[in-house]
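For reference, the structure is listed below as structure tokens.
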Amino acid sequence: IDRMRWDHEAASRIGQAAAQNDFVSHVDPVETNIVIFHLAADLAATTVQKDAEAAGILCFPFGPSAIRMVTHLDIQNDDVTRTCDFLAQWRPGQI
């Protein structure tokens with residue numbers, strides 16, 4: 001139960017970081033360990049996915065312009081911090 005609480009808080013942090021990015025149109029309400037955010041304009045989810053993978057972060061397209069991230073037992077605080085930093089600073093074509 002403690003770990004579930006941590007995962008939910010970590011997901012909230014990730015959602016807040018994504019919401020800071022100008023290329024994110026909105027973040028779905030984060031109620032569990034799942035974060036889904038939608039990209040602005042004509043950005044493809046695969047663009048974020050490839051750049052995130054290059055930065056060592058796994059995520060999944062959730063439709064053509066949305067990304068899904070999940071916190072779980074294998075995710076540590078450093079991973080969350082790195083993910084938040086990536087999301088807050090990511091720009092298309094930057095990586």
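The values are calculated or read from the model by the stated rules, or taken from the named source; none is laboratory data. From a predicted model like this one, the values you see are computed outputs, not experimental measurements. Every residue, glycine as well, gets a Cβ built from its backbone with ideal geometry; the counts of neighbours run over all protein chains shown. Ligands, DNA and RNA are stripped out before the accessible areas are found, and what is left, the full protein with its side chains, is counted by its heavy atoms. Shrake-Rupley method; radii C 1.70, N 1.55, O 1.52, S 1.80 Å.
Some notes on this structure:
- Across the accessible surface of the chain, with the other protein chains kept in place and a 1.4 Å probe, carbon and sulfur atoms take up 53 percent.
- For the chain, the relative contact order works out to 31 percent when only alpha carbon pairs closer than 8 Å and six or more residues apart are counted.
- With a Förster radius of 25 Å applied to the beta-carbon distance between ALA40 and ARG82, the computed FRET efficiency rounds to 0.60.
- Accessible surface, per residue, of the range 1-68 when the full set of protein chains is kept, probe 1.4 Å, Å²: 58
- Directionally averaged projected area (convex hull, Cα atoms, the range 24-95), nm²: 4.6
- Interchain or long-range residues, amide H under 5 Å from VAL24's placed H: ALA40
- Take the Cα of ARG68, step 7 Å toward its Cβ, do the same at HIS8, and the gap between the two points is 2.0 nm.
- The magnitude of the dipole of the chain, with charges of +1 and -1 set on the Cβ of Lys/Arg and Asp/Glu and taken from the Cα centre, is near 100 debye.
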